[in-house]
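First the structure, in the form of structure tokens, and then the observations on it.
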Amino acid sequence: MTEKNVVQTVHDTLWDEMQADDRVLILGEDVGARGGVFRATAGFLEEFGEMRVLDTPLAESSIVGCAIGMAMHGLLPVAEIQFADFIHPAFDQLVSEAARIRYRTAGDWECPIVVRAPYGGGVHGALYHSQSIEVFYGHVPGLKVVVPSTPYDVKGMLRAAIRDPDPVLFLEHKKTYRLIKGDVPDEPYEVPIGPADVKREGDDLTCIAYGLMLHHCLEAAQRLQEEAGASVEVVDVRTIAPLDKETILGSVGKTGKAMVVSEDNRTYGAAAEISATISEELMFDLDAPVVRIGGPDIPAMPFAGPLEHYYMPDVDRIHERMRQLAEF
Amino acid sequence: MATEVDRQSDTRARDLGLSDQDLLDMYRTMVMARLCDEAQFRLNRQGKAPFVVPVSGHEGCQIGTAWPFQKGKDVFVPYYRDMGICLVAGMTPLDVFLAVFGKRDDPSSGGRQMPAHWSSRQLGIVTGSSPIATQIPHAAGIAYAIKYRGEDAVVGSWFGDGATSEGDWHEGLNFAGIHRLPVVWYCENNRYAISVPLSKQMAVKDVAMRAEGYGFEGVVVEGNDVLGCYEASKNAIDKAREGGGPTLIELKTYRFHPHTSDDDDRSYRSREEVEEAKRNDSLIVFANYLRQQGLLDDDAIESTRVEIKAEVDAEVEVAWKAEDPSPESALDHVFADVTPSRADGSSGGDTNVKADAIGTTGGEATPADSPEEAPGEEGSDR
């Protein structure tokens with residue numbers, strides 16, 4: 001067991017997988033000599049060589065498109081999109097191609113790619129280095145979209161993603177990279193793609209979140225416990241698609257109250273889907289309307305400190321709504 | 001007598017290593033593509049085929065360029081007009097018409113895709129979509145994997161002139177050039193992207209000129225000259241197999257029909273232009289060559305046509321009577337590890353049970369998921 005932060009865990013897990021299986025290779029911008037702009041592949045070029053660590057041209061569509069071709073010919077490519085904000089040129093390759101290759105050939109071909117992308121705000125990344133993109137792809141059957149938020153889950157889910165026979169979009173909240181630390185077993189293990197995880201048990205209300213917001217929710221829940229004795233259950237979504245409705249509904253069925261927190265723009269966000277699911281399935285078990293917290297509906301997160309702070313849900317804001325819901 | 005003399009003087013086919021039988025087989029495949037095309041248009045007009053994509057006019061450049069590939073080893077990455085490529089790769093008229101009718105056993109997609117979206121893993125034909133040029137980076141990626149794995153296979157990737165305007169086309173050729181990958185690019189330049197003429201597609205005279213921008217050779221070939229297509233293709237494939245990197249081959253060709261069965265080309269090109277192109281039909285040109293070579297006479301040309309037409313018609317009948325996909329099978333094959341009944345989104349808890357069963361991420365990736373039975377068929381009252 002070793003304590004690591006999130007990005008170190010990404011690095012070490014990729015390293016282990018590269019060592020374990022020579023079909024695994026890395027491609028992306030600056031992943032080679034630079035070792036990735038977040039250092040997720042530092043030292044890889046020296047260890048694994050140019051054939052397995054490809055500094056690609058600055059062209060996101062072909063980073064994903066070439067990875068698809070590699071995967072269809074027996075390799076297990078892990079593509080890095082430097083910032084999730086830059087993934088849009090590859091939308092066609094992900095949505096029209098990767099997501100449909102199994103489906104459109106009735107299972108004849110498959111596309112086992114992993115596309116990693118740092119997402120999320122709170123780092124003064126402004127409009128083009130802060131975005132949450134999970135729901136663009138969560139809407140597309142055929143793609144798996146995962147958002148692990150702790151070092152333990154990052155290791156287990158990255159291993160699972162690389163071994164998954166279907167395309168996986170592996171989203172890493174960049175603010176958690178160095179902020180969040182945790183114990184990580186040294187031996188290999190998998191955390192399955194799909195199941196959500198109860199990160200804190202409680203009885204009075206359920207808070208559902210992922211990414212940086214998960215950590216804010218855990219802190220808010222702890223504060224509310226200490227202040228008011230309220231017992232909040234916190235569910236970590238972990239996988240946006242396919243969504244684990246069972247765990248979410250199980251928890252809300254128990255507590256009777258739900259709040260869903262996501263830093264993406266609120267409208268049509270993941271929280272909307274989760275809220276709708278709860279409302280459809282649990283209407284008569286609910287003691288209060290479902291609370292949905294998200295970023296405001298502005299095109300993207302602004303740069304200046306006060307503007308960025310205004311956009312991002314924070315512990316105070318979450319705590320306040322949590323308190324109101326507990327008292328409802 | 002004249003035939004004999006001509007034959008002596010024209011050693012082109014022999015110099016290319018093509019036997020008389022090769023030439024006759026190439027011709028037969030061209031005729032088969034043409035007759036499948038005629039049949040699918042007839043079926044479209046009869047209301048039996050909702051949508052078809054014609055190949056007529058492209059047979060010469062398709063059969064010529066695909067012929068030198070090694071089946072069972074090399075990889076074909078075609079686009080929707082490439083019936084001829086797929087016939088060379090091993091598809092049959094039955095395969096063509098199972099797709100035309102959207103049947104369960106359509107090898108390309110089991111009736112999921114429009115016809116002409118070719119695919120067969122067994123035949124080395126890579127699945128494609130309708131968005132243009134998305135297959136170009138796939139071809140580059142496959143070629144990279146070939147190089148990475150130390151195989152001596154070559155990828156052939158075909159596309160139209162319109163495809164060359166897409167970003168994916170540039171990105172794929174650029175990647176292939178950087179890594180000197182074993183891939184041959186074929187532009188079937190028929191002068192129109194649906195209705196848009198070349199002059200509005202590009203400011204250069206030849207697509208092949210663009211190869212220079214990617215650091216490899218570009219070649220222009222007359223698309224109706226089957227042996228010229230074969231020769232350029234063979235040279236490029238040999239070079240790629242020996243580690244010499246990619247080649248861009250531009251095939252000057254023409255499509256005789258509208259873009260698809262839903263298009264009307266009278267709005268954008270004159271009948272005179274189409275008729276002029278038909279006079280240079282590769283089938284006529286090649287038949288004349290074979291006649292000169294003493295390999296075919298008028299009777300043989302006619303009997304070839306009759307014989308293949310009978311074969312095509314018979315397979316149309318078989319395909320027409322083949323099983324449709326069951327409606328509920330629409331839910332199959334979204335993921336390898338989600339059972340179909342859970343993919344319908346109607347009930348909670350459709351978490352995938354993540355597999356330790358993924359021996360399939362394995363290199364020779366084997367399809368892990370082929371439910372033998374179509375779910376829901378039993379007890380269905382439809």
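The values are calculated or read from the model by the stated rules, or taken from the named source; none is laboratory data. Here the structure is a predicted model, which means the values were calculated and not measured. Methodologically, a virtual Cβ is constructed for each residue, glycine included, from the backbone with ideal geometry; neighbour enumeration extends over all protein chains shown.
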(request) Read through the list (1) at pLDDT below 95; (2) within 14 Å of chain B (Cβ to nearest Cβ), then give the number of the only condition that A:Arg266 fails. (result) (2)
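Kindly indicate whether any position in the range B:144-154 is more than 10 Å from every other protein chain (Cβ to nearest Cβ), of a type outside the set (S, T, N, Q) and crowded, with 24+ Cβ neighbours inside 10 Å.
Applying the first criterion (more than 10 Å from every other protein chain (Cβ to nearest Cβ)) to the range B:144-154 yields B:150, B:152, B:154.
So of that shortlist, the ones also of a type outside the set (S, T, N, Q) come out as B:150, B:152, B:154.
Filter once more, keeping what is crowded, with 24+ Cβ neighbours inside 10 Å: B:154.
Looking through the range B:144-154, at least one residue is more than 10 Å from every other protein chain (Cβ to nearest Cβ), of a type outside the set (S, T, N, Q) and crowded, with 24+ Cβ neighbours inside 10 Å.
Take A:Gly74 and tell me if it is farther than 13 Å from B:Ala140 by Cα and either free of Cβ contacts under 8 Å to residues at least 24 places away in the same chain or within 8 Å of chain B (Cβ to nearest Cβ) (or both). Walk me through it before giving the result.
On the way: farther than 13 Å from B:Ala140 by Cα: yes; either free of Cβ contacts under 8 Å to residues at least 24 places away in the same chain or within 8 Å of chain B (Cβ to nearest Cβ) (or both): yes.
It is true that A:Gly74 is farther than 13 Å from B:Ala140 by Cα and either free of Cβ contacts under 8 Å to residues at least 24 places away in the same chain or within 8 Å of chain B (Cβ to nearest Cβ) (or both).
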(request) Just name the residue that is farthest from B:Phe69 (Cα to Cα) out of those in the range B:95-123 that are more than 10 Å from chain A (Cβ to nearest Cβ) and of a type in the set (Gly, Ala, Ser). (result) B:Gly102
(request) Give the number of residues within the range A:93-112 that are within 30 Å of A:Tyr128 (Cα to Cα) and touching a strand residue (DSSP E or B) at 6+ places or on another chain (Cβ under 9 Å). (result) 3
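Residue by residue, here is whether (1) small (Gly, Ala, Ser); (2) within 14 Å of another protein chain (Cβ to nearest Cβ); (3) over 17 Å from the mean Cα position of the chain (by Cα) holds:
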residue	(1), (2), (3)
A:Lys254	no, no, yes
A:Ala270	yes, no, no
A:Ala276	yes, yes, yes
A:Phe284	no, no, yes
A:Pro289	no, no, yes
A:Gly294	yes, no, no
A:Met301	no, no, yes
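From the list A:Ser61, A:Ser96, exactly one residue is among the hydroxyl-bearing types (Ser, Thr, Tyr) and either more than 11 Å from chain B (Cβ to nearest Cβ) or surrounded by fewer than 24 Cβ atoms within 10 Å (Cβ to Cβ) (or both). Which is it? Before the answer, list the steps.
On the way: A:Ser61 fails: either more than 11 Å from chain B (Cβ to nearest Cβ) or surrounded by fewer than 24 Cβ atoms within 10 Å (Cβ to Cβ) (or both).
Only one candidate qualifies: A:Ser96.
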(request) Within the range B:81-119, work out how many residues are at negative phi, in contact with a strand residue (DSSP E or B) (Cβ under 9 Å, 6 or more places away or on another chain) and either surrounded by fewer than 21 Cβ atoms within 10 Å (Cβ to Cβ) or among the aliphatic types (A, V, I, L, M) (or both). (result) 4
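Output the residue which, of all residues in the range A:220-252 that are basic (Lys, Arg) and closer than 21 Å to A:Ile278 by Cα, is nearest to the other protein chains (Cβ to nearest Cβ). Can you show your working first?
So in the range A:220-252, the residues basic (Lys, Arg) come out as A:223, A:238, A:245.
Now narrow it down to the ones that are closer than 21 Å to A:Ile278 by Cα: A:238, A:245.
On the way: A:Arg238: 10, A:Lys245: 4 Å.
Out of the qualifying residues, it is A:Lys245.
Of everything in the range A:136-155 that's of a type in the set (Val, Ile, Thr) and within 14 Å of chain B (Cβ to nearest Cβ), which residue is surrounded by the most Cβ atoms within 10 Å (Cβ to Cβ)? First the steps, then the outcome.
Kept after step one, since they are of a type in the set (Val, Ile, Thr), are these residues of the range A:136-155: A:140, A:145-147, A:150, A:154.
Then drop every residue that is not within 14 Å of chain B (Cβ to nearest Cβ), which leaves A:140, A:145-146.
On the way: A:Val140: 19, A:Val145: 25, A:Val146: 27.
Only one residue fits best here, namely A:Val146.
Can you find, within the range B:319-341, the residue that is nearest to the chain's Cα centre (by Cα) among those that are in a helix (DSSP H, G or I) and loosely packed, with under 13 Cβ neighbours inside 10 Å?
We begin by selecting, within the range B:319-341, every residue in a helix (DSSP H, G or I); these are B:319-321, B:327-331, B:340-341.
This time we only want the ones that are loosely packed, with under 13 Cβ neighbours inside 10 Å, so: B:321, B:327.
Details: B:Lys321: 25, B:Pro327: 29 Å.
The extreme case among them is B:Lys321.
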(request) Only residues in the range A:123-143 that are modelled with pLDDT under 95 count as the first member; pair them with residues that are of a type in the set (Gly, Ala, Ser), Cβ under 9 angstrom, at least 6 apart or cross-chain, and list the lot. (result) none
(message) Condition first: of a type outside the set (Asp, Glu), over 20 Å from the mean Cα position of the chain (by Cα) and surrounded by fewer than 24 Cβ atoms within 10 Å (Cβ to Cβ). Now tell me which residues in the range A:200-220 satisfy that.
(response) A:Gly202
(message) Yes or no: the range B:191-212 includes at least one residue that is crowded, with 24+ Cβ neighbours inside 10 Å and aliphatic (A, V, I, L, M).
(response) yes
(request) From the list B:Ala133, B:Ala66, B:Ala139, pick out the single residue that is touching a strand residue (DSSP E or B) at 6+ places or on another chain (Cβ under 8 Å), within 12 Å of B:Trp158 (Cα to Cα), modelled with pLDDT of 95 or more and more than 10 Å from chain A (Cβ to nearest Cβ). (result) B:Ala66
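Residue by residue, here is whether (1) more than 9 Å from chain B (Cβ to nearest Cβ); (2) touching a strand residue (DSSP E or B) at 6+ places or on another chain (Cβ under 9 Å); (3) of a type in the set (Asp, Glu) holds:
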| site | (1), (2), (3) |
| --- | --- |
| A:Leu14 | yes, yes, no |
| A:Glu17 | yes, yes, yes |
| A:Leu25 | no, yes, no |
| A:Phe38 | yes, yes, no |
| A:Glu50 | yes, no, yes |
| A:Val53 | yes, yes, no |
| A:Val78 | yes, yes, no |
| A:Phe86 | yes, yes, no |
| A:Phe91 | yes, no, no |
(message) Go through (1) touching a Phe, Trp or Tyr at 6+ places or on another chain (Cβ under 9 Å); (2) closer than 21 Å to B:Leu296 by Cβ for B:Ala66 and report which single condition fails.
(response) (2)
